[in-house]
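Input: a single structure, listed below in structure tokens.
The values are calculated or read from the model by the stated rules, or taken from the named source; none is laboratory data. All values reported here derive from a predicted model rather than from experimental measurement. Note: ideal-geometry Cβ built from the backbone for every residue, glycine included; neighbour counts use all protein chains shown. In case anyone asks, the SASA skips ligands and DNA or RNA and just uses the protein heavy atoms, side chains included. Shrake-Rupley method; radii C 1.70, N 1.55, O 1.52, S 1.80 Å.
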Amino acid sequence: MSNPTAAILVIGDEILSGRTRDENMYHLAGVLSAHGIDLREVRIVPDDHDAIVTAVDALREAYAHVFTSGGIGPTHDDITADAIAAAFGVPIVIDPEAERRIRAFCDSRGMTYTVEEQRMARVPAGATLIDNGLSGAPGFTVGNVHVLAGVPIIFRGMVEVVLPGLAHGRPLTVRDYRVQRPESSIAGELRALAGTYADLSIGSYPSMLDGRSGTTIVVRGQDSGRVAAAIAALHAAFPR
């Protein structure tokens with residue numbers, strides 16, 4: 001039985017401009033693999049309502065789960081909640097529980113609850129809240145779309161909240177083997193080996209070590225025994 005699939009939609013002009021390095025996709029890929037969910041696609045879109053709606057509609061039809069990152073803060077360019085509501089054809093509402101959590105966070109920090117804080121309590125009607133233990137303002141789930149904060153430490157916390165409730169498959173085993181030879185010199189043998197282990201994903205990547213060119217071969221699969229066998233075959237084919 002195949003694993004559930006997922007995609008991540010990273011939202012933000014700051015990512016596309018190169019001013020901010022995205023960490024959330026890297027983190028999500030690792031935890032999903034360990035959980036037995038296959039991350040199949042990553043998209044990055046600007047803070048543009050129509051672009052978000054189009055991407056969400058396409059991804060939620062193609063994959064079991066969609067995780068979004070960014071655009072649920074208090075400022076004018078935080079438009080993700082509105083776009084998700086539009087994608088699902090539901091109104092945006094102020095959620096009483098979300099508002100209670102944000103008010104409580106403000107009170108605990110001696111902050112004034114303002115209209116800006118209230119923006120973070122706006123969610124699509126019918127959404128389920130995702131707890132945020134760091135800054136109070138929750139994420140939310142609508143259908144198979146999980147809407148998370150863009151700040152990496154908050155994103156990671158929200159992922160930990162969401163994952164236990166998701167169906168999962170077999171975790172992915174990943175191992176690598178470095179060959180001190182260029183790709184072109186091992187391509188034929190590697191092609192044959194990949195055919196023998198067609199149930200695994202075997203990729204080759206040029207690399208440099210101590211000024212010498214080589215190839216790192218990465219083997220991925222759900223069957224740890226088969227992955228180990230493929231690594232042993234690599235040792236035999238390309239002894240160090």
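Within region 27-74, can you find the residues that are modelled with pLDDT of 95 or more and among the hydroxyl-bearing types (S, T, Y)?
T54, Y63, T68, S69 - these are the residues of region 27-74 that are modelled with pLDDT of 95 or more and among the hydroxyl-bearing types (S, T, Y).
For a quick check of your reading: which strands (runs of 3 or more DSSP E) sit entirely within region 49-125 and have at least 2 residues that are more than 24 Å from I153 (Cα to Cα)?
Strands (runs of 3 or more DSSP E) meeting the threshold: 92-94.
Within region 135-163, which residues are open to solvent by 60 Å² or more (accessible area, probe 1.4 Å) and touching a His at 6+ places or on another chain (Cβ under 9 Å)?
Scanning region 135-163 gives a single hit, R156.
Looking at (1) over 22 Å from the mean Cα position of the chain (by Cα); (2) within 30 Å of G73 (Cα to Cα); (3) in contact (Cβ under 8 Å) with a residue 40 or more places away in the chain, can you tell me which one I186 breaks?
Answer for I186: the failing condition is (2).
Only one residue in A7, A64 is surrounded by fewer than 20 Cβ atoms within 10 Å (Cβ to Cβ) and either among the small types (G, A, S) or free of Cβ contacts under 8 Å to residues at least 12 places away in the same chain (or both). Which one?
A64
Residues of region 188-231 being β-branched (V, I, T), closer than 25 Å to R170 by Cβ and open to solvent by less than 50 Å² (accessible area, probe 1.4 Å), which ones?
The answer is I202, T216, I217, V218, V219, V227, I231.
Just the residues that are more than 22 Å from the chain's Cα centre (by Cα) and open to solvent by 10 Å² or more (accessible area, probe 1.4 Å), please, taken from region 87-101.
If the condition is that a residue be more than 22 Å from the chain's Cα centre (by Cα) and open to solvent by 10 Å² or more (accessible area, probe 1.4 Å), then G89, V90, P91, I92, V93, I94, D95, P96, E97, E99, R100, R101 are the ones that fit.
With the structure loaded, tell me whether G169 is modelled with pLDDT of 95 or more, within 20 Å of the chain's Cα centre (by Cα) and not hydrophobic (A, V, I, L, M, F, W, C) or whether it fails that test.
For G169, the condition - modelled with pLDDT of 95 or more, within 20 Å of the chain's Cα centre (by Cα) and not hydrophobic (A, V, I, L, M, F, W, C) - is not met.
Would you mind stating whether S207 is in contact with a Ser or Thr (Cβ under 7 Å, 6 or more places away or on another chain), in a strand (DSSP E or B), over 30 Å from I52 (Cα atoms) and polar (S, T, N, Q)?
So S207 passes the test.
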